Amino acid sequence: MGKITLEEIVDQVNDLPALPHVVGKIIQLTEDPDATAQDINKVLNQDQGMTAKVLRLANSAFYGFPRRISSITDATIFLGFRTVRGIVMAASVSDLLSEEMEGYALAQGELWRHSQSVAMASRCVAQYSKFIGMDVAYTAGLLHDIGKVILNTYMKEAYKEVIDKAAADDIPFMQAEQDILGFNHAQIGARVAEKWNLPEDLVEAIAYHHQPEQAVKNKKLTAIVHIADAICLMMGIGMGVDGMLYPLSSESMQLLNLDELAIEQIISNMTDLLADEETFAV
Ligand SMILES: [Fe+2]
Ligand SMILES: [Fe+2]
């Protein structure tokens, strides 16, 4: 298997669907202090499929709202602009992430389940470590493995070689991925996030989710996604071919002030939340 050229990767990234127009508008609106819940409602109403998905997710156990949320206006008022922004993002990438990722041994729907779980765990870890920006953490977790969508095509042919290399040289999966393909899924995921014009610290968290020590812009955000990913892999959510093949960063644990007990508490919290199938509604 030859290495992939940068040109091929750029083409693949360009071929990815752009984020729906409404997502860009929602991001703008949620940053505008003058925007109202009605403005969000008006934009989302242009896309009925998206509206339905957003409402299903808004009503999942994860957000724990005691009454049924039946309109986008209510979702915005009760859950907040930032939370709705995260939900809109999830609704817009769920199809892309739901596809089978043969090259990573992930059945149809499994990468979506992993991504949504890591997003939720990121929000829990953020809350636990009093990180400002739980919703950015959610979105970073949601998109951390998006690069797999692109590398999947190449991994289909190369994965045995990658696994053998990781075992023979006793290196993490991503290093082997890099050695064999010339690229790794974290790096490619960051390119996708750049193409979607997402903020820099989000791009960084995706790029370094397996090497959080390398983050500089927002070390905590990257550490959160790293720990959340590890938690979901410990729980066996979306293990695929590479699930066990990453070291856990003790620096990240320290940076976020987390110990084993904290991880156990987050895992038990997650176990309850994951029981609700609405969480994975697509
Ligand atoms: Fe990853
Ligand atoms: Fe992951």
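Taking the criterion of being at pLDDT 95 or above, in contact with an Asp or Glu (Cβ under 7 Å, 6 or more places away or on another chain) and either not in a helix (DSSP H, G or I) or not hydrophobic (A, V, I, L, M, F, W, C) (or both), would at least one residue in region 115-134 satisfy it?
There is at least one residue in region 115-134 that is at pLDDT 95 or above, in contact with an Asp or Glu (Cβ under 7 Å, 6 or more places away or on another chain) and either not in a helix (DSSP H, G or I) or not hydrophobic (A, V, I, L, M, F, W, C) (or both).
Restricting to region 116-133, count the residues that are over 17 Å from residue 272 (Cα atoms) and open to solvent by less than 10 Å² (accessible area, probe 1.4 Å).
We begin by selecting, within region 116-133, every residue over 17 Å from residue 272 (Cα atoms); these are 126, 129-133.
From what's left, open to solvent by less than 10 Å² (accessible area, probe 1.4 Å): 126.
Selection size over region 116-133: 1.
For region 114-151, give me the residue count where each residue is acidic (Asp, Glu) and farther than 17 Å from residue 242 by Cβ.
Going residue by residue through region 114-151, those that are acidic (Asp, Glu) are 135, 145.
This time we only want the ones that are farther than 17 Å from residue 242 by Cβ, so: 135.
Residues in region 114-151 being acidic (Asp, Glu) and farther than 17 Å from residue 242 by Cβ: 1 in total.
Given the conditions (1) more than 14 Å from ligand 1 (Cβ to nearest atom); (2) closer than 22 Å to residue 221 by Cβ; (3) part of a helix (DSSP H, G or I); (4) in contact (Cβ under 8 Å) with a residue 40 or more places away in the chain, which single one is not true for residue 159?
The failed condition is (2).
The values are calculated or read from the model by the stated rules, or taken from the named source; none is laboratory data. The structure displayed is predicted, hence computed values, not measured ones. All Cβ positions, glycine included, derive from the backbone under ideal geometry; neighbour counts span all protein chains shown. The accessibility values were calculated without ligands, DNA or RNA, using every heavy atom of the protein model including side chains. Shrake-Rupley method; radii C 1.70, N 1.55, O 1.52, S 1.80 Å.
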